[in-house]
Structure formats: C-alpha cells, structure tokens
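Structure first, then comments.
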Amino acid sequence: MADQVTAQDIALMAHLMRRAGFGARYDDLVERAEKGYEATVEELLNPESNSNGLDLDLAERCFIEWSHFTRGVPEYFAWRLINSRAQLEEKMVLFWHSIFCTADSKVQSYPTHYDQLEMFRKHGMGSFRDLLVEISKDPAMIFFLDNCLSHKESINENYGRELLELFSLGVGKDGEYNYSEDDVKECARAFTGWTISNPVPGQPYGRYSAKFVYVPEDHDDGEKTFLGETGRFNGEDIVEIICKQPSAARFISRHLYSYFIADEPGVPSWMETPPQDLETIQMLEEEYYRSGYNIKAMLRVLFNSDAFKNAQFRRIKSPVETVIGTLRMVGDWTEPKPGFEFIFDEMKYMGQELLNPPSVEGWHTGKEWIDGGTLVHRINFTADFLGDTKFPGIQDIVEKLADVGPAITPGEMVDGCLQYLGHYELSDESRQMLMRRAAKDDVVRTDTAEFPQEVGEMLQLIASTKEYLYA
C-alpha cells in the first residue's frame, strides 16, 4: 500500500463504492484509494463502454431460460449489478427503475422492459429533460399507465397525473402545491397520440419488444394552459416547462440525496416535510440549473460534497444492495453456473422484486425495508454467504488476518473482520459482544485448521448486528 493512503482514505472509498455501486473487496478499495477519491468519482461517472460483465447474447447461451422468449429477464439485470464494471451506471438504472416504476405484473413483456433498462443506461446520467421525454415514449410506461388508451376525444389522465406527482415535481414544495387538477388535464391532453404499435403475437418465436408510435391525427393540438404557460403544447413542450420549475430541481435533488446520502421520507410527504439538509439540497438545485438539468453534473457535486463524505452508515441497505453487495464481497456468481434464479428470489423475499415494484409509487425505503420476516431473511442470507469459507472473498479475509502473525488478539480479530468487510463501524455494545465471542482464549491462533471457520463465524456475527443493516 502506498504510504500516502491511510485507513481513512480506504474507509471513505468503501463508503463511495457502497453508495455509488454495490460495494467492493478490500484490495479493490486500496487500489482505488491509491488512484485518489476524485479520480475514482470521475471513473464512476464516465464508465468505459462494453463494461457490463456479460453480454446478453453470451448470457443467453449460458442461461437457456434467458433466451428470446424471455429476453431481458430480471435475472440478467441482477447479473449485471453483480458483474458490471460500470457500477454507478447500474446503480442509476436501479435508481430510475425505482422512480419511473413499471411492473411486469401488468406489462408482461420482458423484451419491452429490457429496452427500458437500456434506455436508463443510455440516458440515466444525462439530461433530466431528455430522460423525461424518453420515459414518456417508453412502451413499457405507455402501456403500464394506459397512455395507449388516451385519445383526443377520450383523455386518460393516468400518465399525466403520475408524470407530475411521482416522476418530476411531486405534489408540493414548502407547503404549497406544485400543480393543479387543471394542469393534470392539460398535461394529459398534450400526450395524446403518444402510443405503441400493435403487439407481435408471442407465438411461435416469443415476444418482441413494443415500439413507440406517434399518431398526429389522435393528438389534441388545441391550445392548452399548463403551469402558467399557454400554447398548442405537445409532450416535449410539457417536459420543457416542467424542467424549468423550482419544484423539479427540488424533486430530483431530494431523490438523489435520499438514494446516495441519507434516508428521506417518501415523496408524498415532501410538501409538508422539509429536507433534513436544506443546504446540500440547495447546492444540488443550483447545479441542476447551472448544468442545464444534467444528472451527471449533479452527481459529481454530490459525491464530492462534505455531506456525502460524512454520511457513512446513514442509509439502510435495500434488499438489492444487501444481496448484490454480499455476492460481490464473497466473489460468487462471477461466472455462469446453474441456479441463478435463487439470487433473484432472495431479493423478492426481502421485499424488492426487480421489475415488479408494488405500485407506481415504487418501494418504500429506509426503515420500511425492515420487518420481522424480511429482517430474519436478510440476516440469514448474508450470514450464510459470509460464513462460507469456500468463497474467494472470505478466503482472502482469512489470509489477510493470518498474515498478521500466528496469533492475534480478540480485538485484532474483530477489527480486522470489520476492516476487510469495508471498514464497518459498530457501537461499543455490539463490539463488546463480538469481543466476548472471540475471547475464548487470550489470543486467537491463526495457524490452526479451525481458524478459517472462526473467521467465518465472526463475519456471521457482524452480519447479524443492527449496524450491518446500514450502508
């Protein structure tokens, strides 16, 4: 390790990789810390092309069930979360999937969902304006929120309402409403004619992805008044007006803060519940306008802010973060092998089924991830993997502890495990509990056949602490 890299540098890098990705093993953290924090941020913001870890065509050869009949299955999404070198890009795909919610329970077309995820990869760190236009043209969204049933002589307000309420503005800001019922109606009028082509039958070759179609003769081209502006607006005009609103800047800033810095309450409460860190929110809002609504620019400001750097272990891990982070830590599923559907099911049992959020509002996060059932399942899953010494990531931790010497103190055992898991921090109560477990003797021998199992058991105990719930 380079002399200039300190334990604090590595701990900060572990924090960055948990938040901007799904965690990293210790040697990777050291390597990134040697590059420097700001250089790593830029690398995350500007990933190399072809860094997804397994191309879909190759994946379909290894996993026959991922073939054209079910192209884009959520298991492939999970595979990319584990293996993609573009970790922030995949984290942003999950971010937008959690906001622009569509569910396979209604869409029932994995190829169409696959195209949506690819759209998030392409536009997820670009212009918020462009992203709103793209999600408005997205066939999965058009079908999910019934805009294909909205015609100039028979308006369906579903998409117009959710675009304002859940996708761009929120109901209110600082105790004031952001839009009116009339704005919802005018917004819905502007998106008439935005529909999808007739579907191709699923048999005999499997589903094809749906395609966006604009039907000008079905578009209401009349004059509309929306958020104080009047004109013969189309959908692009509506998006342009939305992006200028202070409530749009607040909306995206609060979402980024909650996802990357610290848990915030849900969107429905934002009108009456001010941000917990208004100074940081305002800094992000300023960058939103300065950069021309650019998400990457806002992320750069966020990751380099003191608010982010000082927010270690202030967010409860989502089920996806728990499962993917564990698998990346232990080094499992780096190559195709049978049984990957189990991994996807584990997230579902913990309360987060990819491509199937419970409603258009998405998942309730923070402490709402945790209840008696999901907590037990989360701990059991994590402990099972961290305690299995056949995994390369766990073997690496055993070797690093053994390299200290033939005997280590109970404190070195506990602190070493915490360090190599990513510099986790425990309360005095939790640490003392682990110390008592490690202190069967005055020292822990590292040169015995039992030592790897002792390390595995210590990692399992760490995974069962309340502190390990946080990222």
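Got a sec? Which of Glu42, Glu48, Glu65 is open to solvent by 60 Å² or more (accessible area, probe 1.4 Å), at pLDDT 90 or above and not hydrophobic (A, V, I, L, M, F, W, C)? It would help to see each step written out before you state the result.
Working: Glu48 fails: at pLDDT 90 or above; Glu65 fails: at pLDDT 90 or above.
Residue meeting the stated conditions: Glu42.
Counting only residues that are small (Gly, Ala, Ser), give me the strands (runs of 3 or more DSSP E) lying completely in the stretch 145-237 with at least 1 of them. Step through it out loud before you land on a result.
Numbers: elements: 194-196, 212-214, 224-226, 229-231.
Filter on the stretch 145-237 gives 229-231.
Can you find a residue that is touching a helix residue (DSSP H, G or I) at 6+ places or on another chain (Cβ under 7 Å), part of a loop (DSSP other than H, G, I, E, B) and surrounded by fewer than 15 Cβ atoms within 10 Å (Cβ to Cβ) anywhere in the stretch 413-436? Before the answer, list the steps.
So in the stretch 413-436, the residues touching a helix residue (DSSP H, G or I) at 6+ places or on another chain (Cβ under 7 Å) come out as 413-414, 416-418, 420-427, 430-431, 434-435.
Then keep just the ones that are part of a loop (DSSP other than H, G, I, E, B); that gives 421-427.
Keeping just the survivors that are surrounded by fewer than 15 Cβ atoms within 10 Å (Cβ to Cβ) gives 425, 427.
Yes, the conditions are met somewhere in the stretch 413-436.
Can you pull out every residue in the stretch 189-203 that is more than 29 Å from the chain's Cα centre (by Cα) and surrounded by 18 or more Cβ atoms within 10 Å (Cβ to Cβ)?
Arg189, Ala190, Thr192, Gly193
Please verify whether the stretch 314-327 includes one or more residues that are part of a loop (DSSP other than H, G, I, E, B), surrounded by fewer than 17 Cβ atoms within 10 Å (Cβ to Cβ) and touching a strand residue (DSSP E or B) at 6+ places or on another chain (Cβ under 9 Å). Quick ask: steps written out before the conclusion?
Step one: list which residues in the stretch 314-327 are part of a loop (DSSP other than H, G, I, E, B), which gives 314-315, 317-318.
Applying the additional criterion that residues be surrounded by fewer than 17 Cβ atoms within 10 Å (Cβ to Cβ) yields 314.
Now drop any that are not touching a strand residue (DSSP E or B) at 6+ places or on another chain (Cβ under 9 Å), which leaves 314.
Yes, some residue in the stretch 314-327 is part of a loop (DSSP other than H, G, I, E, B), surrounded by fewer than 17 Cβ atoms within 10 Å (Cβ to Cβ) and touching a strand residue (DSSP E or B) at 6+ places or on another chain (Cβ under 9 Å).
For residues in the stretch 1-35 being open to solvent by 20 Å² or more (accessible area, probe 1.4 Å) and not in a helix (DSSP H, G or I), which is nearest to Ala307 (Cα to Cα)?
Restricting to residues being open to solvent by 20 Å² or more (accessible area, probe 1.4 Å) and not in a helix (DSSP H, G or I), the top hit is Thr6.
Just to be sure I understand the filter: pairs with C-beta atoms under 6 Å, separated by 6 or more residues or on different chains, first member in the stretch 328-345 and modelled with pLDDT under 95, second member surrounded by fewer than 20 Cβ atoms within 10 Å (Cβ to Cβ) and not in a helix (DSSP H, G or I). Which pairs pass?
Asp332/Phe391
Filter the stretch 166-180 down to the residues that are free of Cβ contacts under 8 Å to residues at least 60 places away in the same chain and under 25 Å from the mean Cα position of the chain (by Cα) and list them by number.
none
So how many residues does the stretch 217-270 have that are within 19 Å of Glu285 (Cβ to Cβ), of a type in the set (Lys, Arg) and open to solvent by less than 20 Å² (accessible area, probe 1.4 Å)?
1
Of the residues Glu341, Glu346, only one is out of contact with any Leu (no Cβ under 6 Å at 6 or more places or on another chain) and surrounded by 15 or more Cβ atoms within 10 Å (Cβ to Cβ); which?
Glu346
Can you name every residue in the stretch 357-382 that is open to solvent by 60 Å² or more (accessible area, probe 1.4 Å), under 24 Å from Glu457 (Cβ atoms) and of a type in the set (Val, Ile, Thr)?
Across the stretch 357-382, the qualifying residue is only Val376.
Step by step: first the residues of the stretch 104-151, then only those that are closer than 12 Å to Ser209 by Cα and aliphatic (A, V, I, L, M), then the one that is most open to solvent (accessible area, probe 1.4 Å). Which residue is that?
Val107
Between a residue in the stretch 352-370 that is under 23 Å from Pro111 (Cβ atoms) and of a type in the set (Gly, Ala, Ser) and any residue that is open to solvent by 30 Å² or more (accessible area, probe 1.4 Å) and in a helix (DSSP H, G or I), which pairs come within a Cβ distance under 6 Å, given they are 6 or more apart or on different chains?
Hits for this filter: Gly362/Ser98.
Picking from Thr389, Thr409, which residue would you name as being modelled with pLDDT under 95, more than 22 Å from Arg314 (Cα to Cα) and open to solvent by less than 80 Å² (accessible area, probe 1.4 Å)?
Going through Thr389, Thr409 in turn, the sole match is Thr409.
Taking only pairs six or more apart or across chains, which ones have beta-carbon atoms under 8 Å, a first residue in the stretch 289-303 that is at positive phi, and a second residue that is of a type in the set (Ser, Thr, Tyr) and open to solvent by less than 30 Å² (accessible area, probe 1.4 Å)?
So the pair list comes out as Gly292/Ser127; Tyr293/Ser127.
In this structure, does Pro199 turn out to be more than 19 Å from Tyr288 (Cα to Cα), out of contact with any Gly (no Cβ under 9 Å at 6 or more places or on another chain) and modelled with pLDDT under 95?
Yes; evaluated as a whole, the condition is true for this residue.
Please specify each residue of the stretch 423-471 satisfying the condition of being of a type in the set (D, E, K, R), farther than 24 Å from Leu29 by Cα and in contact with a Phe, Trp or Tyr (Cβ under 9 Å, 6 or more places away or on another chain).
Arg445
The values are calculated or read from the model by the stated rules, or taken from the named source; none is laboratory data. These figures come from a predicted structure and were not determined experimentally. Methodologically, a virtual Cβ is constructed for each residue, glycine included, from the backbone with ideal geometry; neighbour enumeration extends over all protein chains shown. For the accessible areas, the whole protein counts, side chains as well, though only heavy atoms, and no ligand, DNA or RNA atoms are used. Shrake-Rupley method; radii C 1.70, N 1.55, O 1.52, S 1.80 Å.
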